[in-house]
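The values are calculated or read from the model by the stated rules, or taken from the named source; none is laboratory data. Here the structure is a predicted model, which means the values were calculated and not measured. When we count neighbours, we look across all protein chains shown, and the Cβ atoms used for this are built from the backbone with ideal geometry, even at glycine. To get the accessible areas, we keep the full protein, side chains included, count just its heavy atoms, and leave off ligands, DNA and RNA. Shrake-Rupley method; radii C 1.70, N 1.55, O 1.52, S 1.80 Å.
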Protein chains: 2
Amino acid sequence: LKSDYEFKANAVGVVEEGLSEEGERNKGRYEVLSRIRVFPECTDGLPGIGEYSHLIVVWHMDREREVKLKVKPRGHIDMPQVGIFATRFPPRPNHIATSVVELVNASSSYLTVKGLDAWTGSPVLDIKPYDYWDMVKNAKVPSWFKLFWEERSSQRHYAKNVPWLGP
Amino acid sequence: LKSDYEFKANAVGVVEEGLSEEGERNKGRYEVLSRIRVFPECTDGLPGIGEYSHLIVVWHMDREREVKLKVKPRGHIDMPQVGIFATRFPPRPNHIATSVVELVNASSSYLTVKGLDAWTGSPVLDIKPYDYWDMVKNAKVPSWFKLFWEERSSQRHYAKNVPWLGP
């Protein structure tokens with residue numbers, strides 16, 4: 001296998017209502033109810049999904065145009081420069097996002113979710129249930145991430161106020 | 001957006017040593033050390049990744065040829081028929097897998113990981129750090145998943161024997 005291996009996929013759905021602007025991405029994630037429309041070709045894949053409390057949404061960050069391999073996380077604290085694979089930041093190769101969300105409602109073709117950091121119109125590539133294989137006890141993260149998290153937790157939208165979230 | 005929206009990506013790396021046969025997929029996942037080679041074009045994205053204990057590997061299940069929207073989970077217990085999006089099974093639209101793995105070692109172009117359910121040769125589409133945004137406390141799963149999990153836990157490869165795994 002070489003790096004010119006090309007992967008092709010079709011969207012299974014779209015974020016019909018999500019974050020309205022890029023600036024909202026980190027601000028309102030856990031307050032906004034997002035609505036995913038699953039395309040008619042794929043709605044047969046939905047039955048049973050309502051029995052899970054959380055999902056992993058795989059989506060294409062299609063507004064992102066850049067790829068940067070070295071990034072310096074933004075924030076008020078001094079962040080080290082790290083490789084993009086050491087972050088969840090958007091300008092990554094392939095612009096694929098995986099977002100853990102709370103499932104609020106599932107109908108025959110729509111999913112209403114909380115915690116999705118996708119802009120309105122984003123293509124959805126897969127929808128997966130969050131299950132026990134996704135749960136890591138005591139995951140270790142860098143100290144810069146912890147500082148970032150604490151800073152976010154002190155804001156009203158994050159951590160402490162989302163009962164299912166965090167370590 | 002319509003379902004004919006086409007997404008294209010290039011592999012960022014390859015599972016150079018993974019599960020050797022499809023049959024091993026569920027058997028040896030937490031026993032096998034897998035090695036991911038990151039392509040030279042992308043190795044600049046790696047620095048800093050070694051500070052995390054766990055990663056999310058996004059990869060293409062390129063051996064899977066089928067797409068089934070309705071599936072009946074295999075196992076010794078009676079499973080209900082559910083939609084593919086209510087499972088993590090391979091024959092899903094786009095054949096994208098997201099696997100949470102333990103990072104055992106990171107070098108300048110290789111990642112050695114534990115818990116990857118990918119066959120040798122699988123294309124890797126993204127590598128993400130597992131962080132606090134991926135941790136769900138008390139996630140709810142269907143009763144069929146719990147039975148499946150208990151059955152697996154009684155085998156030597158799973159749950160009870162992987163200290164970081166599970167609820």
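Observations on the model:
- From B:L46, B:L55, residue being under 13 Å from the mean Cα position of the chain (by Cα), open to solvent by less than 30 Å² (accessible area, probe 1.4 Å) and of a type in the set (A, V, I, L, M): B:L55
- Close pairs (9 angstrom Cβ cut-off, 6 or more residues apart or separate chains): more than 15 Å from A:V101 (Cα to Cα) in the range A:34-47, modelled with pLDDT under 95 and of a type in the set (S, T, N, Q) anywhere: A:F39/B:S3; A:P40/B:S3; A:E41/B:S3; A:C42/B:S3; A:P47/B:Q81
- Top-ranked residue of the range A:41-71 - restricted to ones that are at pLDDT 95 or above and assigned to a strand (DSSP E or B), ranked as farthest from B:C42 (Cα to Cα): A:H54
- Filter result (modelled with pLDDT under 95, open to solvent by 70 Å² or more (accessible area, probe 1.4 Å) and facing chain A (nearest Cβ under 9 Å)) within the range B:115-164: B:K137, B:N138, B:S143, B:K146, B:P163
- In the set (1) under 15 Å from the mean Cα position of the chain (by Cα); (2) modelled with pLDDT under 90; (3) among the basic types (K, R), the condition left unmet by B:R92 is number (2).
- Members of the range A:18-40 found to be at pLDDT 95 or above, closer than 25 Å to A:P163 by Cα and open to solvent by 20 Å² or more (accessible area, probe 1.4 Å), listed by number: A:R35
- Subset of the range A:1-20 (residues that are at the interface with chain B (Cβ under 7 Å from one of its Cβ atoms) and either part of a strand (DSSP E or B) or of a type outside the set (S, T, N, Q) (or both)): A:L1, A:D4, A:Y5, A:E6, A:F7, A:K8, A:A9, A:N10, A:A11, A:V12, A:V14
- Meets criteria (surrounded by 15 or more Cβ atoms within 10 Å (Cβ to Cβ) and either without any contact (Cβ under 8 Å) to a residue 24 or more places away in the chain or within 10 Å of chain B (Cβ to nearest Cβ) (or both)) for A:V82: yes
- Filter result (open to solvent by 20 Å² or more (accessible area, probe 1.4 Å) and either more than 8 Å from every other protein chain (Cβ to nearest Cβ) or of a type in the set (F, W, Y) (or both)) within the range B:65-79: B:R65, B:E66, B:V67, B:K68, B:K72, B:R74, B:G75, B:H76, B:I77, B:D78
- Test: A:S107 is more than 7 Å from every other protein chain (Cβ to nearest Cβ), surrounded by 15 or more Cβ atoms within 10 Å (Cβ to Cβ) and of a type in the set (S, T, N, Q): no
- Qualifying residue in the range B:81-90 (condition: in contact with a Lys or Arg (Cβ under 6 Å, 6 or more places away or on another chain) and part of a helix (DSSP H, G or I)): yes
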